[in-house]
1. Cβ-Cβ under 7 Å, sequence separation 6+ or interchain: first residue in the range 165-178 and touching a residue at least 24 places away in the same chain (Cβ under 8 Å), partner open to solvent by 50 Å² or more (accessible area, probe 1.4 Å). Which pairs?
2. Out of the range 364-376, which residues are under 24 Å from the mean Cα position of the chain (by Cα) and assigned to a loop (DSSP other than H, G, I, E, B)?
3. Under the condition of being of a type in the set (S, T, N, Q) and in a loop (DSSP other than H, G, I, E, B), which residue from the range 60-86 is nearest to Ser162 (Cα to Cα)?
4. Could you list all residues from the range 377-406 that are surrounded by fewer than 18 Cβ atoms within 10 Å (Cβ to Cβ), under 28 Å from the mean Cα position of the chain (by Cα) and assigned to a loop (DSSP other than H, G, I, E, B)?
5. Within the range 129-148, identify whether any single residue is crowded, with 17+ Cβ neighbours inside 10 Å and closer than 23 Å to Leu235 by Cβ, and answer yes or no.
6. Would you be able to say whether some residue in the range 35-51 is surrounded by fewer than 16 Cβ atoms within 10 Å (Cβ to Cβ), modelled with pLDDT under 90 and under 29 Å from Ala155 (Cβ atoms)?
7. Just to verify a result, which residue in the range 166-197, among those that are closer than 15 Å to Arg119 by Cβ and among the hydrophobic types (A, V, I, L, M, F, W, C), is most open to solvent (accessible area, probe 1.4 Å)?
Amino acid sequence: MASATTRNVRVFRYDPTVGGDGEFLHFVLECPDESAMTMLDVLLRIQREQDPTIAFRFACRVSMCGSCGMVINGKERLACKTNVSDIPAGQEITLRPMNHFPVIKDLVVDMDPMFRKFRETLSFFEPKDQSTEPALIPPDAPEREEIRLATDCIACGCCVSSCTMVHHHDDYAGPAALTRVYSLLADSRDALLGPRLAAALSSCHDCRTEANCTEVCPKGISPTRAIKYIQRLALTAGVDKPEQALEPEKAAELPAARRQIDRATFIRGAGVVLLGGAVAAALGGIAAVTTVGPSAEKAGERWVPLANVSDLPPGQVTTVMMNYQVQSGIYSQAVTKPVMISRLDEEIVCYKTACPHLGCTVHWDGRSDQFRCACHGGTFERTGGVIAGPPPRALDRYQHKIESDQLLVLL
């Protein structure tokens, strides 16, 4: 049983009826179990017990809706996904609204600037061929696998808040909108390749490849990779300026601001003194290593240690955290994922916690002897098979092996 701790919490407060720059207010909160208490729990406790006027957003509580994005101790995160224990013991907790968004009240920001960029970059799918039948796309199709991660975007705005270029360029589409552009440009069924490329290309030249957006994405998406894909696509197509991606009559309609930054200007601004084919080779190389699939780590098997078998109680399902590093092109990212280890029967089974319906979190309910998905009412039997709800298939499993009492799973 975890011992209770006391945490100091600073929450940004802004009242639109008063105006000004806002201020931080200090709260003291007792936490019964930091590993089981999220930042959303912290805010709800403060609202119920100390200050009912505090404003913040939340909805699903399972890292799906993106409503509770905020800056927690200087880093963009989802409040429902961040535990108190993620902040070092004894350290003060600071909660403030996201950057680059107008503050409506306290931790609530106006997301319209981001969604306006979505509209400006044509974030809708326009099919080449009209059909009354749904498309049949195998889950393992190479093109589907290419954009799989990008389609998991929940539009939380964390990447936009972390991007320094959003502050410096008013016309910059931002990493969230450009990730959506990438997922559509990479879809061979879409009919708007030219207009979409024209709408996004100048923004891609504004990116400085800092990878802040990749670091903070709660879904593990790399907007940096998406932006480099768009740049590579333009290079492959021989497009230097946005209007070159359009038919002549459409190019004349392109706003002047979208035509100001061509590739040469981008290269000079980045301090690269290469010319002609060398420029294409340099940028093409960067794009290649940052856009080859959702993850650049495909070579060979990778076994990740999970737990000692002797520490897993028989007759129970134990949830442990799997920690490993992912090399995404030139960027290395730490990944932490929960894994449910079942020793209900003689065989050890390692289940993924992502529901096969929409990826929300599945947990073990010992009272009902079932796995449950709280978001959509899905229930699974103790062997992982579907009992009820929308999930289309049984729980996904990790392949595993045991070496000297060490349980390892295959990524």
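The values are calculated or read from the model by the stated rules, or taken from the named source; none is laboratory data. It should be emphasised that the depicted structure is a prediction, and the values quoted were computed from it without experimental measurement. Methodologically, a virtual Cβ is constructed for each residue, glycine included, from the backbone with ideal geometry; neighbour enumeration extends over all protein chains shown. The area values use the complete protein model at the heavy-atom level, side chains included, leaving out ligands, DNA and RNA. Shrake-Rupley method; radii C 1.70, N 1.55, O 1.52, S 1.80 Å.
1. The qualifying pairs are Met165/Arg208; Val166/His100; His167/His100; Ala173/Glu120; Ala176/Cys153.
2. Hits for the range 364-376 are Ala374, Cys375, His376.
3. Checking each candidate, the answer is Asn73.
4. If the condition is that a residue be surrounded by fewer than 18 Cβ atoms within 10 Å (Cβ to Cβ), under 28 Å from the mean Cα position of the chain (by Cα) and assigned to a loop (DSSP other than H, G, I, E, B), then Gly377, Gly389, Pro390, Pro392, Arg393, Ala394, Asp396, Gln399 are the ones that fit.
5. Scanning the range 129-148 turns up at least one residue that is crowded, with 17+ Cβ neighbours inside 10 Å and closer than 23 Å to Leu235 by Cβ.
6. So far as the range 35-51 goes, yes, one or more of its residues are surrounded by fewer than 16 Cβ atoms within 10 Å (Cβ to Cβ), modelled with pLDDT under 90 and under 29 Å from Ala155 (Cβ atoms).
7. Leu192
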